[in-house]
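**Student:** Before anything else, here's the structure in question.
The values are calculated or read from the model by the stated rules, or taken from the named source; none is laboratory data. It should be emphasised that the depicted structure is a prediction, and the values quoted were computed from it without experimental measurement. All Cβ positions, glycine included, derive from the backbone under ideal geometry; neighbour counts span all protein chains shown.
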């Protein structure tokens, strides 16, 4: 079995899809990450980027065992679920997971609501794969495979949100989105996930000036990402959840400023793969 560990960005925008010529280089799809642990696949979030990821996975054959983990179920992270091709293949097993809904709701209820009249024409029963909807308590450590560990922690976002740390082959990838921050008071959940991580995907939707006017919107800045990276002794920072109104040229400027402040920092680009 291969020990290759990688992350591929299938959707990097936040809030709403933003297709068009001014966003084409960084991409307009909403959050979806493919993490490969050897020959196993873990998906984080089901934004509009889940549809092209599903098409790619469908081309890889039958009998797949796939795990899809939600940070939360706001529409930009959830709306791609009905269009996930592997869920329609009866030879596949697809497990959906969420840690932010209990005790008030369940993931199955959220999916049934999404795929119901008048929002959608068919219910989740249309899936032909062996599909399951699973709820856990944020803060639990999950073990999707014998040699893969998922550490979870709560983040600061309206309606609650789960951050993930995926550990495999002695390395770690942290996904810390969607989260706000309190200036001067580091987010303990984020630091737990980021501790000495090799790659950190961090919510950098706002500039510092924008954040000052929207501190309770549930999003952060690249500046705070760098501060947390230094505290956590983590390696590479990847800016994520780009503002849908942010043009490619504006993203270039932000990426350059962040890289100058902390060399090696990059902004996530749809279609790009990082391999450890």
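**Student:** Can you tell me which of 234, 245 is assigned to a loop (DSSP other than H, G, I, E, B) and surrounded by 18 or more Cβ atoms within 10 Å (Cβ to Cβ)? Full working, then the answer.
**Tutor:** Working: 245 fails: surrounded by 18 or more Cβ atoms within 10 Å (Cβ to Cβ).
Exactly one residue qualifies, and that residue is 234.
**Student:** Identify all residues within region 249-276 that are surrounded by 18 or more Cβ atoms within 10 Å (Cβ to Cβ) and out of contact with any helix residue (DSSP H, G or I) (no Cβ under 8 Å at 6 or more places or on another chain); write none if there are none. Break it down stepwise before answering.
**Tutor:** Step one: list which residues in region 249-276 are surrounded by 18 or more Cβ atoms within 10 Å (Cβ to Cβ), which gives 251, 254-255, 258, 265, 267-268, 270.
Residues satisfying the conditions are 251, 255, 268, 270.
**Student:** Determine which member of the set 215, 154, 158 is within 22 Å of residue 45 (Cβ to Cβ), surrounded by fewer than 17 Cβ atoms within 10 Å (Cβ to Cβ) and touching a residue at least 24 places away in the same chain (Cβ under 8 Å).
**Tutor:** Details: 215 fails: within 22 Å of residue 45 (Cβ to Cβ); 154 fails: surrounded by fewer than 17 Cβ atoms within 10 Å (Cβ to Cβ).
Just one listed residue meets the conditions, 158.
**Student:** Restricting the search to region 35-44, which residues are buried (at least 23 other Cβ atoms within 10 Å of the Cβ) and either free of Cβ contacts under 8 Å to residues at least 40 places away in the same chain or part of a helix (DSSP H, G or I) (or both)?
**Tutor:** 43
**Student:** Same structure again: Here are some residues: 110, 153. Which one is within 30 Å of residue 209 (Cβ to Cβ), at pLDDT 95 or above and not in a loop (DSSP other than H, G, I, E, B)?
**Tutor:** Being within 30 Å of residue 209 (Cβ to Cβ), at pLDDT 95 or above and not in a loop (DSSP other than H, G, I, E, B) holds for just one of 110, 153, which is 153.
**Student:** Now a separate question. So which residues in region 46-86 are part of a helix (DSSP H, G or I), buried (at least 22 other Cβ atoms within 10 Å of the Cβ) and out of contact with any helix residue (DSSP H, G or I) (no Cβ under 8 Å at 6 or more places or on another chain), if there are any at all?
**Tutor:** Of everything in region 46-86, those that are part of a helix (DSSP H, G or I), buried (at least 22 other Cβ atoms within 10 Å of the Cβ) and out of contact with any helix residue (DSSP H, G or I) (no Cβ under 8 Å at 6 or more places or on another chain) turn out to be 53, 76, 77.
**Student:** Restricting to region 4-23, what's the tally of residues that are part of a loop (DSSP other than H, G, I, E, B) and at pLDDT 95 or above?
**Tutor:** So the first thing to find is which residues in region 4-23 are part of a loop (DSSP other than H, G, I, E, B), and the list is 4, 12, 14-23.
In the following step, the residues that additionally are at pLDDT 95 or above were identified as 12, 14-23.
Looking only at that region, the number is 11.
A quick yes/no check of all residues on (1) touching a strand residue (DSSP E or B) at 6+ places or on another chain (Cβ under 9 Å); (2) farther than 17 Å from residue 46 by Cα; (3) buried (at least 16 other Cβ atoms within 10 Å of the Cβ):
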| residue | (1), (2), (3) |
| --- | --- |
| 88 | no, no, yes |
| 94 | yes, no, yes |
| 97 | yes, no, yes |
| 110 | yes, no, yes |
| 114 | no, no, yes |
| 117 | no, yes, no |
| 124 | yes, no, yes |
| 130 | yes, yes, no |
| 136 | yes, yes, yes |
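**Student:** A further question follows. Being at negative phi and within 18 Å of the chain's Cα centre (by Cα): is that true of residue 248 here?
**Tutor:** Considered against the rule, which asks whether it is at negative phi and within 18 Å of the chain's Cα centre (by Cα), residue 248 comes out as no.
**Student:** Out of (1) without any contact (Cβ under 8 Å) to a residue 24 or more places away in the chain; (2) under 23 Å from residue 56 (Cβ atoms), what's the single condition that is false for residue 129?
**Tutor:** (1)
**Student:** Determine whether region 24-34 contains at least one residue that is over 10 Å from the mean Cα position of the chain (by Cα), surrounded by fewer than 16 Cβ atoms within 10 Å (Cβ to Cβ), modelled with pLDDT of 95 or more and over 23 Å from residue 149 (Cα atoms).
**Tutor:** Yes.
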